[in-house]
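Contents: one structure, followed by commentary.
The values are calculated or read from the model by the stated rules, or taken from the named source; none is laboratory data. Every value quoted in this text rests on a predicted model; they were computed, and no experiment measured them. Cβ sites come from the backbone with ideal geometry, for glycine too, and all protein chains shown count toward neighbours.
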Amino acid sequence: MNDVFAPATLLDLIEEYSAQGIHRTGWPADERCSDWLIEWLGRNGITSQKSTFRFPRLESRAAYVDVGGVRTPGIPLHDGAPTSPAGVTGDLTRPSANLKGKVVVAVGQPELPPLLETPEGARPAAVIVITSDPEGNVLLRNGEAIDHPFDLPVIQVARRDARPIQANLESCKQATVVLDFKRAPGSATNVVGSIAATPGAPLVVVMTPKSGWFNCAAERGGGLVITMALAAHARQSAARSKELLFLFTSGHEINYYGLLEHLKANPDLRDRAETWVQLGASIGAKNQPAWRVLSRDDALRAMTAAALERQGLGPVMLAPKDQRPSGEAREVFDKRFVALAGGHPYFHSPADLPELSVDAVRVSRFGLALREVLETLVS
């Protein structure tokens, strides 16, 4: 078969994935991705199926800030509160001790909990979060409290659009924030692929998310296509004595909903799996300032670090053993697991596209290192 770990092959797959569109949970591109994975895995001899789950889908009718009649578009914080169609109005202010009834403007990636958990009597009317990638595009925050939303409207605005807001901030001019949305039951799909072994053989699970805020070429693409390549390689390998399960989960950006629902539906899976391998964010991204290997198991840490260094991907950053992962691997923190994760300048940005954010040679090197790790785990 073709070399599934070749840079050109992996880049073609990442470009196909990115071209599907915006991969938010339950959106059309998320479902197109599931169909694409099923078809690709089938062509490579791997049995797979969709697994449907329900989640709270945010349906936005209007999201903007109005200052003096000038409207600035934005995107609701998914675990924030809606407003009425007329919005809420207050004086613009920076974060301070006196926020009651005001519209707070926070720049960058602020610590939101102190604002979101402000006592009701001192609560601001709304929060505007201004963020930016290198081109000034918005960077979105994950909806980590999607099942228990905060009782405060929060709108996320791109720096390049925020001039009307910032120009009136010092004069404390009034602003109206409109976040007219509702949450309604939605559905999305995970994809589950499996490669059988002899009855009673130990199980190794390889998992990676397939959903995210935008096209997610580097954020999700590297982990996704390496997992596909690992499945294809394992299917052809004779030196394998263990069962393999490949999980491509949706719901990543809303508190890992897809994995959580899969674990609810398969309550024995955590204990049945001998080892979990998590391919997290930004694997093989361009301009990656740092990436980490997370595991509590000394042998897994050493084996993974050595495989990565043999591919020229050192020095390897080993996270402290007691550091719980921020991705899906947090759900198996008390099991035997290894996870890779990182960031890049277009993380959570609409500009996370192949031509700006993907380094296919690095993706290939990560893939070859992880192939070595997986071969050891299943032999």
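List of remarks:
- Residue check, residue 291 at pLDDT below 95 and crowded, with 19+ Cβ neighbours inside 10 Å: yes
- Any hit, the range 355-372, residues being without any contact (Cβ under 8 Å) to a residue 12 or more places away in the chain and farther than 26 Å from residue 235 by Cα: yes
- Boolean, residue 224 is within 19 Å of residue 272 (Cα to Cα), in contact (Cβ under 8 Å) with a residue 60 or more places away in the chain and not in a loop (DSSP other than H, G, I, E, B): no
- The lone criterion from (1) in the same structural domain as residue 158 (by TED's automatic domain parsing); (2) outside any loop (DSSP other than H, G, I, E, B); (3) surrounded by 17 or more Cβ atoms within 10 Å (Cβ to Cβ) left unmet by residue 82 is number (2).
- Condition check for residue 62: under 24 Å from residue 181 (Cβ atoms), modelled with pLDDT of 95 or more, out of contact with any Phe, Trp or Tyr (no Cβ under 7 Å at 6 or more places or on another chain) and part of a helix (DSSP H, G or I): no
- If you go through the range 1-55 and pick out every residue that is within 20 Å of residue 370 (Cα to Cα) and part of a loop (DSSP other than H, G, I, E, B), you end up with 8.
- Residues in the range 336-366 that are of a type in the set (Lys, Arg) and over 16 Å from residue 320 (Cα atoms) were compared, and the one that is surrounded by the fewest Cβ atoms within 10 Å (Cβ to Cβ) is 365.
- Sole residue being within 26 Å of the chain's Cα centre (by Cα) and farther than 23 Å from residue 25 by Cα, chosen from 141, 160, 183: 160
- In the range 270-285, the residues that are buried (at least 17 other Cβ atoms within 10 Å of the Cβ), outside any strand (DSSP E or B) and of a type outside the set (Gly, Ala, Ser): 283
- In the condition set (1) assigned by TED's automatic domain parsing to the domain that holds residue 330; (2) of a type in the set (A, V, I, L, M); (3) outside any helix (DSSP H, G or I), residue 229 is compliant with all but (3).
- Across the range 76-89, not a single residue is classified as closer than 22 Å to residue 234 by Cα, of a type in the set (Gly, Ala, Ser) and out of contact with any helix residue (DSSP H, G or I) (no Cβ under 7 Å at 6 or more places or on another chain).
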